[in-house]
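Reading through the structure tokens given below for one structure.
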Amino acid sequence: MTPAERRHLAVDLRSVCMRISRRVRFSNTGRSTLRPHQVSVLGKLDKNIRTPRELAELECVSAPSMTRTVNALVEQGFVRRDADPDDGRQVHLQLTPEGRKILSTVRRSRDEWVYSRMADLTDEECAVLREAADILERVVTAR
């Protein structure tokens with residue numbers, strides 16, 4: 001493959017990945033009161049307790065923007081704030097049981113959206129997608 005062909009492939013991959021991401025993120029709009037950026041924050045708290053600053057860095061947003069997002073999630077009962085026992089200025093955030101439940105529901109809905117779009121694919125096409133998913137994982141984690 002020539003460098004120009006690779007560049008064209010990169011553009012095509014970026015475009016289709018962004019379209020899929022957007023469709024999946026907004027596919028559950030009618031079933032949840034959560035906005036996509038709120039679901040993203042819940043996902044970042046799924047396995048880790050984090051500070052607001054860590055979340056802001058992970059989400060590439062300003063501290064005030066993350067504060068608004070966290071406040072909304074706390075008000076809805078999906079996130080809990082705990083004071084750091086060693087540093088009273090620091091706050092730790094974690095999912096509540098309700099937060100875990102809604103995150104699981106949204107993820108299932110999103111997975112179902114993708115699964116339903118694969119219904120008409122052949123086994124061979126699914127095998128190609130399996131290989132592509134593995135390759136895309138390498139692309140995402142490459143340094």
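Laid out as a table, the results:
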{"item": "Among (1) exposed (fewer than 14 other Cβ atoms within 10 Å of the Cβ); (2) assigned to a helix (DSSP H, G or I); (3) more than 17 Å from the chain's Cα centre (by Cα), the one test that ALA72 misses", "result": "(1)"}
{"item": "Residue in region 13-31 that is surrounded by 15 or more Cβ atoms within 10 Å (Cβ to Cβ), farther than 29 Å from ARG117 by Cβ, out of contact with any His (no Cβ under 7 Å at 6 or more places or on another chain) and not hydrophobic (A, V, I, L, M, F, W, C) present", "result": "no"}
{"item": "Leading residue by the ranking (surrounded by the fewest Cβ atoms within 10 Å (Cβ to Cβ)) among those in region 32-55 that are touching a residue at least 60 places away in the same chain (Cβ under 8 Å) and outside any helix (DSSP H, G or I)", "result": "SER32"}
{"item": "Those residues of region 106-121 which are surrounded by 15 or more Cβ atoms within 10 Å (Cβ to Cβ) and among the polar types (S, T, N, Q), in sequence order", "result": "SER109"}
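Bear in mind that the values in this text are calculations on the coordinates, not laboratory data. Nothing here was measured: the structure is a model prediction, and the numbers come from that model. Don't worry about glycine lacking a Cβ; one is built from the backbone with ideal geometry, like all the others, and counts go over all protein chains shown.
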